[in-house]
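Derivation of every value follows stated rules applied to the coordinates shown; laboratory data play no part. Every value quoted in this text rests on a predicted model; they were computed, and no experiment measured them. All Cβ positions, even for glycine, are placed from backbone atoms using ideal geometry, and neighbour counts span all protein chains on display.
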Amino acid sequence: MMRRTLTLLLFLISHQIIAQDYTVIHVIGKIYDSSTKSYLKPGAKLAENAQLKFESANARAAALSASRGRYIIQRQAAQSTSGDLVYTLASVLAPARGKMSTRAGGINNQMDFMKKFGEGPVALISGRYEVAVSPTSYPTNDVKFFYASYSFNDELINKKLEVQNDKLIFDASSFYSIDGIAVDPAMTSNTKLFYYDSDSQESTEIAPLNFSIVGATEIKSINSSLGDIDSEERIASLVDIFNSLYGKCEESQVRAALKNMD
């Protein structure tokens with residue numbers, strides 16, 4: 001009898017610990033909560049027994065638990081992408097621990113480029129990304145330079161890239177524009193980075209490129225949703241969320257973005 005009572009007590013304690021409510025802090029796409037008959041939006045409360053429908057491709061959200069920290073809500077790779085299916089929250093909930101850039105330092109060779117860009121999307125925080133590149137390995141001038149190419153409306157677009165102070169710069173406003181007209185990044189495909197040497201007339205493919213843009217609106221929205229926390233916890237939270245929702249980024253990018261918001 002005592003053993004049964006102890007087992008029941010442990011179950012009740014465990015259930016109280018596990019039972020959680022979550023506060024939605026950011027949403028990409030459309031996710032419908034069948035339990036409340038409403039779409040997820042920042043500030044909404046999400047019960048542990050929520051039943052969710054993902055109504056747009058790659059829909060995902062960030063949520064916060066007061067006791068358990070930051071979480072990401074998204075379908076797993078093995079789950080169906082049908083918008084008609086309903087998922088329990090537990091089946092689509094995971095801690096926000098996105099994959100950070102595997103190399104925080106500069107680039108010296110093609111392997112470094114592959115580690116930086118070839119392992120998943122890279123987040124352009126505030127629409128910009130800079131990476132240090134060895135001027136010895138990759139000198140840049142009028143005859144040697146980096147460029148990127150992508151397909152848009154069945155046309156191959158080439159974009160010469162700027163290097164300043166030995167840093168290769170990706171700026172979304174110029175990268176995703178053609179003849180001065182902005183294009184939707186979602187309409188581009190097969191994006192690649194090249195290094196060109198006109199002396200040898202040789203163009204070398206360096207790495208695939210996959211960017212995800214985090215604009216000022218998204219940064220401000222997520223930042224304000226975090227509430228009153230200390231600066232270092234804020235940085236860590238933003239890095240986790242950006243990495244999980246958008247793509248690999250570095251702490252220095254997040255710090256620069258927050259500084260520019262002041």
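Name the most mobile residue of Gly106, Gly227, Gly43, meaning the one with the largest mean-square fluctuation, in a Gaussian network model of the chain with Cα contacts below 10 Å. Residue with maximal mean-square fluctuation among Gly106, Gly227, Gly43: Gly227.
In this structure, the amide hydrogen of Ile107, modeled 1.01 Å from its nitrogen in the peptide plane, lies closer than 5 angstrom to those of Ala132, Val133, Ser134, counting only residues at least 5 positions away or on a different chain.
Among Asn141, Asn158, Asn108, the residue with the largest mean-square fluctuation in a Gaussian network model of the chain, with springs joining Cα atoms closer than 10 Å, is Asn141. Neighbours of Ile28, meaning other residues whose beta-carbon lies under 14 angstrom from its beta-carbon, give a summed charge of +2 when Lys and Arg score +1 and Asp and Glu score -1. Which Cα, out of Ser134, Asn49, Ile169, lies furthest along the positive dipole direction of the chain (beta carbon charges, K/R +1, D/E -1)? Result: Asn49, furthest along the dipole toward the positive end. Here the 3J(HN,Hα) profile of the range 166-179, calculated from phi with Karplus coefficients 6.51, -1.76 and 1.60 at θ = phi - 60°, is 6, 10, 7, 10, 10, 10, 4, 5, 8, 5, 9, 9, 10, 6 Hz, Gly and Pro shown as x.
Under 8 Å for C-alpha pairs, at least 6 residues apart: give me the relative contact order for the chain, rounded to a whole percent. In percent, rounded to a whole number, it is 19. Electrostatic bookkeeping for Ile73 treats Lys and Arg as +1 and Asp and Glu as -1; over the other residues with beta carbon under 13 Å from its beta carbon, the sum is +4. Compute the label zone of Glu202 within the range 122-164: residues whose backbone N is under 19 Å from the point 7 Å along Cα-to-Cβ. Within reach of a label on Glu202, which here means backbone N under 19 Å from a point 7 Å along Cα→Cβ, the range 122-164 contributes 134-148. For the range 24-31, 3J(HN,Hα) computed residue by residue from phi via the Karplus equation (6.51, -1.76, 1.60; θ = phi - 60°) reads 6, 10, 6, 9, 10, x, 10, 10 Hz, glycine and proline entered as x. Which label belongs to the value computed from this structure, given these candidates for Rg and Dmax of the Cα atoms in Å: [x] 22.2, 87; [y] 20.0, 61; [z] 21.0, 67? Structure-derived value, by its label: [x]. Can you tell me which aspartates and glutamates have their Cα less than 13 Å from the Cα of Lys259? Leave out same-chain residues fewer than eight positions away. By straight Cα distance, Lys259 reaches Glu251.
Top mean-square fluctuation among Ala63, Ala90, Ala123, Gaussian network model of the chain, C-alpha springs under 10 Å? Looking only at Ala63, Ala90, Ala123, the biggest GNM fluctuation is shown by Ala90. Among residues other than Leu124 with Cβ under 13 Å from its Cβ, the summed charge is -2 (Lys and Arg +1, Asp and Glu -1).
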